Each structure stands twice: as C-alpha cells, then as structure tokens.
Amino acid sequence: MDTEQRLKELERRRMRGARLLNSGTHPAEVARQVGVSRQSVMRWERALKEDGVQGLERVEAPGRPRRLSEAQVKELAKVLKAGSLAAGYATEMWTLPRIGALIQERFGVKFSQSSVWRTLQKMGWSPQRPARQARQRDEEAIRTWKNKRWAQLKK
C-alpha cells in the first residue's frame, strides 16, 4: 500500500469514527469498532466539537515536499536496474556519487550523498558489495596449483 492509499484509509477511518460519535456511540465503543486507541477517538471528538467534520479531513503532509515525484522515482529505479554501463559509466557499479550525478542530470535536482542514500532506502534498495576477485583470475590454473604445488609445499 503506497502512502497516498494509506492516508486515504486513515481519513476514511476518522470519518467512520465521526459518524459513530455523531450517532451517540460511546468513545470506547468507537475505538473498538474502528480499531484505534481511545485517545485517538477523544482527539477526534475534540476536533469535531471545534471544527466539525472538516477538522478530521486529511491535511497535506507536514514538512518539506519531496524533491522527486513518484514518477521520477520509478524512472530512477528503471535506470538503476538497467545498470551503470547502460547509463554510460565505465564499470558496472553504482556508487552514491554516480547516482547523485544521474539524478542531477536526469531530473535537475542536486542531492547530497546522504539524500541519495535515504532515497535509495525509501525505494527498498540495499547496499551491495562486489566480490573481490581479479578479472584475470584463471580458475583452472588455481586448481592445478592447489592440487600439485600446494601439496608439495605442505610436505
């Protein structure tokens, strides 16, 4: 459930509670039926007395607005999934500075590395570390060395 749906559901719950309160239902019973705490119902009851039903309507989220829209976050996820080679980088590794540069280039928004990190966390991404192995690694030569040379050295 995304944030918008969750906020709508919470508003529906408050409106149902308001209808129950207006019909004379006891606050403890409203809390039980709606599935919230009695304190919440008491707060709703106070808001109803002061501002009416408008006091329980959803207000915009407090705080600073997001700098990337949901559509931009989805586009960012697509680009990241395609890989850094597809985005024009020399290696197949995403770093915070690279992702920050990509966000600035694509969306015109400059993010600090910590903001890039928080954005990735909100997207459900986690840090990944590449396996440390040489590109020139020759598995057959390693197996041969272990079986022959290492056996001789151990003796």
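No lab work stands behind these numbers, since they all come straight from the coordinates. Please read these numbers as outputs of a predicted model, since none were measured by experiment.
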Practice item. May I ask for the angle, rounded to the nearest 10°, between helix 113-122 and the longest principal axis of the chain, with both axes built from Cα atoms and the value confined to 0 to 90°? Key: 70 degrees
Check your understanding: Mind checking which aspartates and glutamates have their C-alpha under 19 Å from Lys74, skipping anything on the same chain fewer than 8 residues away?
Key -> Asp2, Glu4, Glu105
Revision key, fill the gap. CD proxy, 222 nm, the chain: helix-only mean residue ellipticity via -39,500 (n - 2.57) per DSSP H run with n ≥ 4, per residue, nearest 500, stands at -17000 deg cm²/dmol
Check your understanding: Over the chain, one equal point on each Cα, no solvent: what is log10 I(q)/I(0) by the Debye formula at q = 0.09, 0.14, 0.17 Å⁻¹?
Key -> -0.59, -0.85, -0.97
Review point. Do the alpha carbons of any pairs in Lys8/Lys49; Lys78/Lys110; Lys81/Lys146 sit beyond 27 Å of each other, and which pairs?
Key: Lys81/Lys146
Practice item. Distance between Cα centroids, region 71-140 to region 40-70: provide it in whole Å. Key: 37 Å
Point to revise | Crossing angle, helix 96-107 versus the chain [Cα axis fit, 0-90 degrees, rounded to tens] | key: 60 degrees
Exercise for review: Consider just the alpha-carbon atoms of region 70-122 and return their Rg together with their Dmax, both in angstrom.
Suggested key: 10.2, 29
